[in-house]
2 protein chains.
Amino acid sequence: MSSETKTRRRRKAERPAEILDAAFEEFVQHGYSATRLEDVAARAGVTKGTVYFYFDAKERVFEEMVRHKSQTFLPDLAMQAEKAEGSYTERLQALVAYTYAHIAENRDSREVLRFLISEGGRFPELVDRHYDEFVMPMIDQFKQLIDAGVAAGEFRDAPASEFVEIIMSPGLLVCLWSLVFGTRKHFDLDAFTRASTDLILRGLAK
Amino acid sequence: MSSETKTRRRRKAERPAEILDAAFEEFVQHGYSATRLEDVAARAGVTKGTVYFYFDAKERVFEEMVRHKSQTFLPDLAMQAEKAEGSYTERLQALVAYTYAHIAENRDSREVLRFLISEGGRFPELVDRHYDEFVMPMIDQFKQLIDAGVAAGEFRDAPASEFVEIIMSPGLLVCLWSLVFGTRKHFDLDAFTRASTDLILRGLAK
DNA sequence: TATTATTGACTGACCCGAAAGTCAATAGTA
DNA sequence: TACTATTGACTTTCGGGTCAGTCAATAATA
C-alpha cells in the first residue's frame, strides 16, 4: 500500500477515517451484529488491536461511522436552494429533481437510512441526532420554498403545502426500492421523477 | 399454562405457529443476528431442542416467520377494491385511505418491511417472493383502478397514471416514519392522509 | 378393563467455533 | 532515549447446533 510509506503521525491523523470507511463497507454487507471487528481491521489494513486503540467498543465504531457518513447532503441542498432561480414552480422542480437524483446516486445516504431502520432501536441517540440534523432541516428547506410560493400567490394554500413530507415521499420510495431490490428489479428513475414532479406541481398549482 | 392441558397431538399442530410468533417478537427486538434461538424457545414456552425439532436452522425459523406474518393484507385490499362504489375519484380515495390506515395500524406488515430492508441481502428469495406476492399485486390493484378512471375520462392520461408507485409513496413514508421514530416524534396521520389524497386526486383530475 | 409395549414430542447437557475485548511486547519516530 | 502506534496471542463468553435419553399418550394384548 502506498499509504504505508507515510509517517506515523500522518497515519494517526488518517487512521480513524480509514477504519470508519472500512467499517461502513463491512456493516453494509453484514449488518451490525454479524460484522466482525477483525474484518473491519483487515479491510483498513490494520489489526483488531489498532481498532481498539481508536475506539473503545464496537458500538462506538458504529456510531462514529454513521456520523462520519452523514455529513454530506444538507449543505449541498441549501446551496442548491440558494442559487435556484425563476418561478417558484421552477425552483421547486429543480430542488425535487436534485433531491431525487442525490438519493438515487448517493450510496452512503441510502445505507445510513438502512442503518437507522435496522439498528435504530439499539442506537436511539443516533436516530434523534439524525432527526435534528437531517430530517427537520430538510423539511424546513422545502417548507420555506413552498411558503414563499404560497405567499407569492403561485401555489394554492392547499393541505399539501402544510405537509412537505408528501413531496419528499416519492424520493423515499426510490431510496427504499434501491435498498430492497437493488438493481434486481428495474426502475425507471427519470420517468418516475418526471411523473412525481408533474403530480406535485399540478397538485400545488393555483 | 392452560395450553399445557391439551393433548400432545394437538400441541404438535400448534407449536410451529407458537414458535414463529415468539420468533417474530424476538427478531423485531434484536434483529436477525442478535436474537438467540434459546430466547425464542423460552418465549414460546419450550426449549431450544424443540425449536430444532420443528425447524432445521435459525435461517429457516426466520424465513418461515416472515412467510407466516405476510399473509394478511392483500386479500383485504382486493375485497375493498371490489366493493368500492361511486366515481373513480371516490373509489381511489377510499382505497388510498384504506391502505394508509392499514400501514399505520398493522405492526406485522411494518416489521416485515423492516426485515426485508435489514436482512434482504441475506435472504434474497424472501425479497423476490415478497415482490411477486405483495408488491406487484398491490401495484396492479391500483393500476387497474386508475386505468379504468382514465378510460372513463375521469382522470387525465398523465405521467402519474403510468407510475402508480407514486400514489403509494406517502403510505410508505408513514410506514418508515413509524419504523424509525416509533411514537417518539409525533405524526398527524389523519392530516397527512387528507393532504396526500388531496394532492394525488388533484394531480390526476382532468 | 387392566397391563404392557411402542411411539414421538420434548428436554437439557454438551460440543465447538467464533468473536469481543485485553494486554504485554515490539517497533517506528521524534 | 522516551514515547506511542501497532501488533497478535490470549481470555472469556456466548450461541448455534447435536443427541442420548425421558415420559406422557396411545395402541396392542390378555
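The values are calculated or read from the model by the stated rules, or taken from the named source; none is laboratory data. Every value quoted in this text rests on a predicted model; they were computed, and no experiment measured them. As a convention, Cβ positions derive from the backbone with ideal geometry for all residues, glycine included, and neighbour counts pool all protein chains shown. Just the protein is used for accessible areas: all its heavy atoms, side chains included, with ligands, DNA and RNA removed. Shrake-Rupley method; radii C 1.70, N 1.55, O 1.52, S 1.80 Å.
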* Structure fact -> The number of residues in the range A:100-116 that are in a helix (DSSP H, G or I) and either surrounded by fewer than 20 Cβ atoms within 10 Å (Cβ to Cβ) or modelled with pLDDT under 95 (or both) is 11
* To do: May I ask you to list pairs of residues, at least six apart or on different chains, whose Cβ atoms are under 8 Å apart, with the first in the range B:110-139 being more than 17 Å from residue B:71 (Cβ to Cβ) and the second being assigned to a helix (DSSP H, G or I) and basic (Lys, Arg)?
  => B:117/A:114; B:118/A:114
* To do: Could you look through the range B:153-166, keep only residues that are in contact (Cβ under 8 Å) with a residue 40 or more places away in the chain and outside any helix (DSSP H, G or I), and pick out the one that is surrounded by the most Cβ atoms within 10 Å (Cβ to Cβ)?
  => B:155
* To do: Tell me, yes or no, whether the range B:46-56 has at least one residue that is of a type in the set (A, V, I, L, M) and within 11 Å of DNA strand D (Cβ to nearest atom).
  => yes
* Asked: Restricting attention to the range B:46-96, which residues are within 30 Å of residue B:145 (Cα to Cα), in a loop (DSSP other than H, G, I, E, B), touching a helix residue (DSSP H, G or I) at 6+ places or on another chain (Cβ under 6 Å) and hydroxyl-bearing (Ser, Thr, Tyr)?
  -> B:70
* Hits in the range A:56-65 - residues which are surrounded by fewer than 21 Cβ atoms within 10 Å (Cβ to Cβ) and within 10 Å of DNA strand C (Cβ to nearest atom) -> A:56, A:57, A:58, A:59, A:60
* Does the range A:99-115 contain any residue that is within 12 Å of another protein chain (Cβ to nearest Cβ), of a type in the set (A, V, I, L, M, F, W, C) and out of contact with any Cys (no Cβ under 8 Å at 6 or more places or on another chain)? -> yes
* Considering (1) more than 17 Å from the chain's Cα centre (by Cα); (2) aliphatic (A, V, I, L, M); (3) in the same structural domain as residue B:99 (by TED's automatic domain parsing), say which one residue B:37 fails and leave the rest. => (3)
* **Odd one out for residue A:97, checked against (1) more than 16 Å from DNA strand D (Cβ to nearest atom); (2) farther than 30 Å from residue B:169 by Cβ; (3) of a type outside the set (Ser, Thr, Tyr)** => (2)
* Structure fact -> Within the range B:167-206, residues among the hydroxyl-bearing types (Ser, Thr, Tyr) and assigned to a loop (DSSP other than H, G, I, E, B) come out as B:183
* To do: Answer yes or no as to whether residue A:137 is modelled with pLDDT under 90, farther than 19 Å from residue B:175 by Cα and not assigned by TED's automatic domain parsing to the domain that holds residue A:35.
  => no
* Do we have any residue at all in the range B:72-90 that's buried (at least 18 other Cβ atoms within 10 Å of the Cβ) and over 23 Å from residue B:178 (Cβ atoms)? -> yes
* To do: Search the range A:167-203 for residues being of a type in the set (Val, Ile, Thr) and surrounded by 18 or more Cβ atoms within 10 Å (Cβ to Cβ), and hand back the single one that is nearest to the other protein chains (Cβ to nearest Cβ).
  => A:180
* Looking at A:120, A:149, which one is open to solvent by less than 40 Å² (accessible area, probe 1.4 Å) and farther than 30 Å from residue B:25 by Cβ? -> A:149
* Given the residues B:49, B:45, which is the only one that is at positive phi and either within 15 Å of DNA strand C (Cβ to nearest atom) or in contact (Cβ under 8 Å) with a residue 24 or more places away in the chain (or both)? -> B:45
